[in-house]
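Read through the structure below, which is laid out as structure tokens, and then see the notes.
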Amino acid sequence: MEVMIAVPLVLPEAALGVGALEEQVEAWGRRVMRQAMAAAWAAQASLRAAGTCPGCGAAASVGAGTKPRRIETVFGPVALPRQRRCCAGCGRHYQPDDAVLGPEVGAGRLSPRLRELAALCGAGWPYREAARVLGRLRGAPLSAETVRAVVGTVGSAVAVAQAQAAVAAAAPPAAAPVPRPVPDRLEVELDGAWVHCRDNAHGLEVKVGVVHAGSEQIGTTRRALVARTYAATAHGVAAFGPLMTAVIEGRNGFAARLQELFGDGAAWIWRLGGELLPDATGILDRWHLREARRRALRAALPDKAVRAPWSERVEARLEVGDVPGAVAVLADLVAVAPHPALDEFAGYLKTLAPAIPNYAARRAAGARIGSGGVEKGVDVVVNRRLKGKRGMRWWRDRVEGIVALRVALLNEEWDRLIPPTLTTLKLPAF
């Protein structure tokens, strides 16, 4: 089947610059694509089934012209000429082409490709900016509310799909497992990010995790995580655990020869990490440990000159993982300048002692001593989209959908998760 479209490109008599010429050709190209879409749809009318009458179910019908339906595409609005039939039994008019349009367009007007692009832009930018960019690209306006509705619908479906996949991955295998390569190294980093929330005046925490195989040099001063995979949810630790289990299981990480868990001082990190990877070596982030020491000693000794020698003594012991030595120095300081912050910091060290290694030895061996990987993960998964604008507040389910879309994009699972979602959802009318 061949469809011929004749749309001449009309240019002014005066010479145009590159920018003006590009604008003219772009507008012409969109007109060609819109006409081609309508012509191609009409050309394939005979290939689509006539269907049965939705009123009486009779198959016999006669043609009754066409009835156009406008849809929005990535190159602008297109009026598709739908076949119109008249039932020979009850005389009802209907459009059999709706059986084809319904699964892909739903009750609205956005094509699957435009919905995918709206979901991609809306997951990365504020809805108004996303709508403005899409309007410029397609040569026709698209409302911010439309982008918001698409992101909410698609994001929620992707979040459900990710949760279901996590539950399936955590379930015992029905058959004997297929032998898989055993990785040499597995590193897991966990953290959380607070977001202003409409459900809770105090906000909500998005749990974020990144699983990788260490880092590699990518320049003179920069390093990048090897084979990193993210997981995140706004529904608490109970939902976060299966997601992390699925990510670790996906790379056979539970069988890894070397397992390490990185995090800050949050109790939930070490509790969940102990459940996920009981054999992993815990590593308390060095920066968070230093900040905890600074806060405690600054509270007890406001004068910097007096505080400096005590800080050096505590830091020297923490650098080599000597927790008892650091606690002993704190006890000496308490005798000189008693303060509740010192007792609190000493308890902090005793609680996290198993996760305080010899940082100097690890640094000398080129091993990682911090959870910078998940700090960056919090930035790219949560902060860049859900924070940064004063007064920005979210419903929990909306956060979950956007986080799911961003994780799918960062994990390079977009092409696997999004297209099926676009054609199976019952979409709202836009």
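The values are calculated or read from the model by the stated rules, or taken from the named source; none is laboratory data. Just so you know, these numbers come straight off a predicted model, no measurement behind them. Counting neighbours? That spans all protein chains shown, and the Cβs are built from the backbone with ideal geometry, glycine included. The accessibility values were calculated without ligands, DNA or RNA, using every heavy atom of the protein model including side chains. Shrake-Rupley method; radii C 1.70, N 1.55, O 1.52, S 1.80 Å.
What ranking of 268, 287 comes out by heavy-atom accessible area, probe 1.4 Å, highest first?
287, 268
Roll a 1.4 Å probe over the protein heavy atoms and report the accessible area of residue 218 in Å², nearest 10.
It works out to around 90 Å².
Quick check on the chain: helices-only [θ] at 222 nm, where DSSP H runs of length 4 and up contribute -39,500 (n - 2.57) each and the sum goes over total residues. Nearest 500, please.
-15500 deg cm²/dmol
Got a sec? What order do 4, 244, 33 fall in by accessible area at 1.4 Å, biggest, i.e. largest, first?
So, going from the largest accessible area down, we get 4, 33, 244.
Using every Cα-Cα pair within the stretch 204-363, state what percent have a distance larger than 23 Å.
49
Take the stretch 298-430, compute every pairwise Cα distance, and split them into 10 Å bins from 0; I just need the percent in each bin.
Pair shares across the bins are 10, 24, 19, 20, 16, 8, 4, 0.
Whenever you get a sec, line up 97, 332, 264 from highest to lowest accessible area (probe 1.4 Å, protein heavy atoms).
332, 264, 97
Note the direction-averaged projected area, equal to a quarter of the hull surface, for the Cα convex hull of the chain, in nm².
On the way: hull surface 129.3 nm².
Mean projected area for the chain: 32.3 nm², to one decimal.
Carbon and sulfur atoms: what percent of the 1.4 Å accessible area of the stretch 54-150 do they account for?
Roughly 55 percent, rounded to a whole number.
What relative contact order, as a whole-number percentage, does the chain give when Cα pairs under 8 Å and 6 or more residues apart are counted?
Over the chain, the number comes to 18 percent.
Relative to the longest principal axis of the C-alpha atoms of the chain, give the angle of the C-alpha long axis of helix 304-319, reported between 0 and 90° and rounded to the nearest 10°.
80
Regarding the stretch 136-272, what are the three Cα extents along the principal axes, ordered largest first, in Å?
53, 48, 38
Roll a 1.4 Å probe over the protein chains and send me the accessible area per residue for the chain in Å².
Values: 22320 Å² over 430 residues.
Accessible surface, normalised per residue, equals 52 Å².
Need one value: the accessible area of residue 397 in square angstrom, 1.4 angstrom probe, rounded to the nearest 10.
Spelled out: residue 397, probe radius 1.4 Å, area about 100 Å².
Among 151, 134, 241, pick out the residue whose Cα is farthest towards the positive end of the charge dipole of the stretch 99-258, where Lys and Arg carry +1 and Asp and Glu carry -1 on C-beta, about the Cα centre.
Farthest towards the positive end: 134.
What lysines does residue 387 reach when the alpha-carbon gap must be under 19 Å and sequence neighbours fewer than 8 apart in one chain are set aside?
By straight Cα distance, residue 387 reaches 207, 376.
Given the C-alpha centroids of the stretch 120-183 and the stretch 339-362, what is the distance between them in whole angstrom?
40
So what's the gap between the Cα centers of the stretch 1-53 and the stretch 244-297, to the nearest angstrom?
Each part's Cα centre sits 56 Å from the other's.
Compare the Cα positions of 80, 101, 120 along the charge dipole of the stretch 36-165 (+1 at Cβ of Lys, Arg; -1 at Cβ of Asp, Glu; about the Cα centre) and return the one farthest towards the positive end.
Projecting each Cα onto the dipole axis, the largest value belongs to 80.
Rg(Cα) of the stretch 1-145 divided by 2.2 N^0.38 Å?
Here the answer is 1.32, to two decimals.
Using only the Cα atoms of the stretch 46-108, what do you get for the radius of gyration and for Dmax, in Å?
Looking at the stretch 46-108, its Cα Rg and Dmax stand at 12.6, 41 Å.
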